[in-house]
Amino acid sequence: MLDVHAPEHGINGARDFFIHLLTITAGLLIAIALEQSVEALHHRHQRKEAEELIRQEIRGNRTALQENEKGLTAELNGMKDALKILDGISNGQSGTLQQNQLQFREGPMQDSAWRTASTTGVLSYMDYDEVQRFSDAYKEQDELQAMAQLTINDYLELVPVLQGSTGGVVDEAHAKIALPYARSAMGHLSGMYFIGIGTMGAYDSALK
C-alpha cells in the first residue's frame, strides 16, 4: 500500500504546487518500481524452483519408465504365450498356463510438481516453448497411465476366471471365457509399449 501525505507547509503559488506534485509523482514512481522489482524477483524465484522440480520429476519418471521396459516386454511375451494356450484349449487342445504368464506390475508416474505449477499459475512465468515441451511430456504420460489402467482392468477380469484351474490346467469352458480378456490385455499391453516409446521421446525433449 502506498501512502501520500499532505505537505507540512502550505502551498504558496503555482511554483510550490508543481514542485510538490513533481515530488509526489517521483516518489510514487520509485515506490512502484521497487514494488515491481521485488515482485519480479519473487516470480523469478518461483519460476526457477518450479522448473527444477518439474525437471526432477520428469527425470524420475523417465528412469522408472526405462526400468519398467524389461518388465513390460516380459508381460507381453507372457500374455502372448497365454493367449496361444487359451486359444488352443478353447479349440479342444490340451494346455497348461504358468503363473508368470499372467503377471502385471506397473507403478504410477508422478505429476505433483507439474500440477502444482499449473494450479498456482507459475507456468505463466516460464518460457512458452519450455512449458509446451513439459505439457507434451505429461500428456504422453497421462495416455500411458490410461492405457495401463485399461490393462489392469483386463487382468482383473482375466485372473478370476482362471483361479479355479488346478496346476495351471484350464478347461475348455473357462478358456473360452478368458480368451476375450486375454486378447484385450494383449492389445493394451502393446499400446503401452508403443505409447511408452513416445513418452520416452517426450521426456527427452522436455529435458533439453
Amide H within-cut-off set for residue 207, under 5 Å, with H built and near neighbours excluded: none
The whole-number value in µm²/s of the Stokes-Einstein translational diffusion coefficient for the range 54-206, with Rh from the Kirkwood sum over alpha carbon pairs at 10 °C and 1.306 mPa s, is 93
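Where a number appears in this text, it was derived from the coordinates with a stated rule and is not lab data. No experiment lies behind these values; they were computed from the predicted model shown.
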